[in-house]
Amino acid sequence: MDTLSRAGLSGAAVNELREEILEGRLNQGERLSEVSLSTTLGVSRAPIREALLHLEQEGLVVSLPYKGASVVSLSPQDFLELSTLRIALEKLAWARAMERITPEAIADLNAIIGEMEFAVKSDLKAKLVRLDLDFHERVFIMADHSRLYTAWTAIKWQVALFLLARRKKVDDYHNIIVEEHAELIQAILNRHDPDFERLIELHIGSGYGRLNSAGAGSPAEHPAAEHPAAGSPAASVSSAPAAR
């Protein structure tokens with residue numbers, strides 16, 4: 001019973017700390033003191049220690065010898081790697097999802113877009129990041145590929161940090177999130193759209209370019225920013241549609 005109780009406290013601490021990080025109340029690089037967190041959350045240090053270990057496995061926390069734990073701090077190179085890897089994973093996920101799409105799955109995606117519209121109107125910017133993540137999570141589930149889903153979950157929470165950084169540095173995220181995700185749904189309904197892979201590259205890659213143009217690196221490092229489709233809005237990183 002004590003073990004179950006502690007596991008419950010640890011899980012609650014994981015959820016609380018993850019939310020603090022994804023809401024931006026705990027900043028990247030910020031030190032995480034077990035003593036301070038124990039006092040703040042009203043639990044002993046053991047569940048806090050377990051929660052920090054779990055968050056480290058998720059990629060949200062790093063622990064260094066003699067320095068303790070802190071919120072992970074992602075560099076421009078980290079953002080580049082996340083973006084390029086995510087493009088590769090999502091191309092496969094969407095290709096497989098197209099073959100398995102059902103009316104119920106489309107309804108689920110449209111429901112998320114409905115929530116996005118409400119969040120935009122209510123200026124719930126942090127909520128938009130979670131809905132963005134949920135939307136793409138559904139696609140990876142639809143893909144029905146266990147190893148692909150495992151690869152996605154390995155980067156999912158750092159993708160959320162990327163979205164958080166993008167929202168903070170380039171404040172147009174809420175202006176385009178609904179339209180771009182609606183375009184993705186339309187593309188999946190069209191099936192075998194020859195331009196679909198390019199749409200994925202722009203959806204993810206131009207967001208990376210926008211973030212870099214705001215001071216997080218060189219947009220030209222990213223393939224979608226370096227080789228924009230002729231005549232597309234992404235021909236200039238500064239005018240490319242921001243991506244999720």
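The values are calculated or read from the model by the stated rules, or taken from the named source; none is laboratory data. Note that the structure is a prediction, hence the values are computed from the model and not measured. With ideal geometry, Cβ positions are generated from the backbone for all residues, glycine too; neighbour counts draw on all protein chains shown.
Residue-level check: of (1) at pLDDT below 95; (2) outside the structural domain of Ala13 (by TED's automatic domain parsing); (3) not aliphatic (A, V, I, L, M), Arg45 misses just (2). Within region 138-158, the only residue that satisfies the criterion of being of a type in the set (A, V, I, L, M), surrounded by fewer than 17 Cβ atoms within 10 Å (Cβ to Cβ) and within 21 Å of Ile112 (Cα to Cα) is Ile141.
For the residues Ala88, Ala12, the requirement of being free of Cβ contacts under 8 Å to residues at least 60 places away in the same chain, under 16 Å from the mean Cα position of the chain (by Cα) and surrounded by fewer than 17 Cβ atoms within 10 Å (Cβ to Cβ) singles out Ala88.
Within region 128-153, the residues that satisfy the criterion of being in contact (Cβ under 8 Å) with a residue 12 or more places away in the chain, in a helix (DSSP H, G or I) and more than 11 Å from the chain's Cα centre (by Cα) are Arg138, Val139, Phe140, Met142, Ala143, Leu148, Ala151.
For region 44-68, which positions are over 13 Å from the mean Cα position of the chain (by Cα) and crowded, with 21+ Cβ neighbours inside 10 Å? Spell out how you get there, then give the answer.
First, pick out the residues of region 44-68 that are over 13 Å from the mean Cα position of the chain (by Cα): 44-57, 61-68.
Selection gives Pro47, Ile48, Ala51, Leu52, Leu55, Val61.
For region 175-221, the set of residues classified as at pLDDT below 80, touching a Leu at 6+ places or on another chain (Cβ under 8 Å) and surrounded by fewer than 18 Cβ atoms within 10 Å (Cβ to Cβ) consists of Asp193, Glu221, listed by residue number.
On the given criteria, is Val72 among the β-branched types (Val, Ile, Thr), under 15 Å from the mean Cα position of the chain (by Cα) and modelled with pLDDT under 90? Give the derivation first.
Details: among the β-branched types (Val, Ile, Thr): yes; under 15 Å from the mean Cα position of the chain (by Cα): yes; modelled with pLDDT under 90: no.
So Val72 does not fit the description; no.
Of the residues Thr84, Thr40, the single one that is among the polar types (S, T, N, Q) and assigned by TED's automatic domain parsing to the domain that holds Asp193 is Thr84.
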